[in-house]
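K.L.:
A single structure is presented below for examination.
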Amino acid sequence: MSQFTHSVKVPTQYKVTAKILKAAIEKQKSIKSLIFEEKHARVRSLQAVLKHYSDNRGAIDSAIEETGLLKDNPNLDSALAKVLVTELIFGRGQLNGESRPVQTVRLYKDRLQEVIKGAGFEKKEPNPRYVRINTNLLSIADALEYLAGEEWRRKELDPDISYADFLAAVRTLEEDEFIVDLNVEGVLIFHHKSRNFWACHDFVFSKKFILQNKATCLAAELLAPPPGSTVLDMCAAPGMKTLHICNVMQNQGRIYAVEQARDRYKALCDITEEAGCQIVTPMIADVLTIGPQQCPDVEYILVDPSCSGNGMQGRISVCDEQKDDKRLFKLAGLQIKILCHAMKSFPNVKRIVYCTCSLWKEENEQVVQRCLQLNPSFKMLNGKKALRNKWQNVGDKEYAKIGKNCLYCLPDHDLTDGIFLAMFERISEDDQN
């Protein structure tokens, strides 16, 4: 190693990323909050490297161990090694600068790749980029015309295509192609490499296009309030689903959007105003104190409460996520309270959609089961049928009459975030009798 120049410093970006990774591993701190604290760092670059490490942690750690990178170079910081290997093998494919750690890792590139390939590890490709048209500000026809003018090619599909064939078409998208979604009107699907294009697009900043994962769009699709309806969004911030409900209602009717936290309430107010939502009434309140006096004539309710969030693919985790039964018990208790409040307190409600970004049954099927036991005036609707049977993943069928009616979005299968959805309808008095 004597040929290395000792005086050349490691690029700041690598040092800062390694510092964050080390704190996250040793102190069990949130990577999101650690990145936020780095005021002067290029946040997008930090997130990209740490997300690559999160997605491929097993392969990276094994390759470092198998090649003897740290054993042969005891002065090489472990966290920095992980960052450099991540960038070299799973990120940009090259390293900046001529510092000693950078040159050391470059020397191991071929061996690292051999170990990863030999162990059967493959780079995890990100899911596609979903872009939803905000029809308050831009019609679907005008959006498609604009994209054609920007030389995006629309991949045409058979109107009767199966869901399995649709997913196959999404997986084989070319970088300059997009597909109109099969399940949700106004959702367009692009190759994952288009992310940088959309991140800086004028139409995104002006809220004509909304960067919203398809899975979260299913909530408004299932709620399906017609124009002129009165809707209550019980846990509304940051407002993406509120905006989508407004689009479904063609900006006609009324949406009461409730949020308890002041900073999130401001975000809700900002996005609904910027996105041209004329029918939204933002409210800062504890939703459990809200009833028909504050929100009269409510017919449709979206219940999207706080949850563990373990289905969200944007999360960055550098440690094995352990199931926290105590936390799930507390979350489920709150979720049951809110969903039961929706069922009990609004006499005119026709349909309720319950949604979480969790894949744990404690927050999903078990919450649904308990709320139906406590509220026999409601029944479940079949979510798969509501999507014209163009869906595959449903709930656990061990929950009789519940599991088959719920929907799951599973990241590796549906190419979306992990989301759970359940639909409820009030039973008429005649049916109850």
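Each value in this text was obtained by applying a stated rule to the coordinates, not by laboratory testing. From a predicted model like this one, the values you see are computed outputs, not experimental measurements. Cβ atoms come from the backbone with ideal geometry, glycine included; neighbour counts cover every protein chain shown.
K.L.:
For all pairs of alpha-carbon atoms in the chain, what percent lies in each bin of width 10 Å, listed from the first bin to the last filled one?
P.N.:
Here the calculated profile for the chain is 4, 19, 27, 25, 16, 7, 2, 0, 0.
K.L.:
I'd like the orientation of helix 43-55 relative to the chain: the angle between its Cα long axis and the longest Cα principal axis, in ° from 0 to 90, rounded to 10.
P.N.:
Helix 43-55 sits roughly 90 degrees off the main axis of the chain.
K.L.:
Write down the percent of antiparallel bridges among all DSSP beta bridges whose residues are both part of the chain, to the nearest 5.
P.N.:
Antiparallel bridges: around 55 percent, rounded to the nearest 5.
K.L.:
Could I ask something else about it? Only loop residues by DSSP count here, and only those with at most 16 other Cβ atoms within 10 Å; note down the GluC sites (Glu not before Pro) in the range 109-152 that meet that.
P.N.:
On the way: sites: 114, 122, 145, 150, 151; in loops: 122, 150, 151.
Here the GluC sites (Glu not before Pro) that fit, given the DSSP loop and packing criteria, are 122, 150, 151.
K.L.:
Grab the Cα-Cα distance for residue 393 and residue 142, subtract it from 0.36 nm times how many residues apart they are, and report the gain in nm with one decimal.
P.N.:
Contour length minus the Cα-Cα distance gives 87.0 nm.
K.L.:
How large is Rg/Rh for the range 150-304, to two decimals, with Cα atoms and a Kirkwood Rh? Please report the intermediate quantities before stating the final value.
P.N.:
On the way: Rg = 17.3 Å, Rh = 16.9 Å.
That ratio is 1.02, to two decimals.
K.L.:
Can I ask one more? Can you tell me the equivalent ellipsoid semi-axes for the range 129-210? Use √(5λ) from the Cα gyration tensor, largest first, whole Å.
P.N.:
Rounded to whole Å, the semi-axes are 21, 15, 11.
K.L.:
Relative contact order for the chain: what percent, with Cα pairs under 8 Å and sequence separation of 6 or more?
P.N.:
13
K.L.:
What full-extension length gain, to one decimal in nm, is calculated for residue 250 and residue 180 as 0.36 nm per residue of separation minus the Cα-Cα distance?
P.N.:
Working: separation 70, 0.36 × 70 = 25.20 nm, distance 1.96 nm.
This chain segment gains 23.2 nm when fully extended.
K.L.:
Compute the relative contact order of the range 12-118 as a whole-number percentage, counting only Cα pairs closer than 8 Å that sit 6 or more residues apart in sequence.
P.N.:
29
K.L.:
Which far-off residues, 5 or more places away or on another chain, put their amide H under 5 Å from the one on residue 285, with H placed in the peptide plane?
P.N.:
259, 260
K.L.:
I would also like to ask the following. Give the distance, in whole Å, between the Cα centre of the range 230-279 and the Cα centre of the range 140-179.
P.N.:
First find each Cα centre; the distance between them is then 29 Å.
K.L.:
For the range 121-278, what is the relative contact order in percent, using Cα pairs closer than 8 Å and at least 6 residues apart in sequence?
P.N.:
25
K.L.:
Can you classify the range 214-432 as rounded, prolate or oblate using the Cα gyration tensor, where a ≥ b ≥ c are the square roots of its eigenvalues, rounded means a/c under 1.5, and otherwise it's prolate if a/b beats b/c and oblate if not?
P.N.:
Taking the square roots of the gyration eigenvalues as a ≥ b ≥ c, the range 214-432 is rounded.
K.L.:
Right, something else. Give me the Kirkwood hydrodynamic radius of the range 79-140, using the inverse of the mean 1/r over all pairs of distinct Cα atoms, in Å to one decimal.
P.N.:
Result for the range 79-140, one decimal place: 14.4 Å.
K.L.:
Out of the GluC sites (Glu not before Pro) in the range 316-396, which ones are loop residues according to DSSP with at most 15 other C-beta atoms within 10 Å?
P.N.:
Here the GluC sites (Glu not before Pro) that fit, given the DSSP loop and packing criteria, are 321.
K.L.:
Report, to the nearest 10°, how far helix 325-345 tilts away from the longest principal axis of the Cα atoms in the chain, using its own Cα long axis and a range of 0 to 90°.
P.N.:
Approximately 30 degrees, to the nearest 10.
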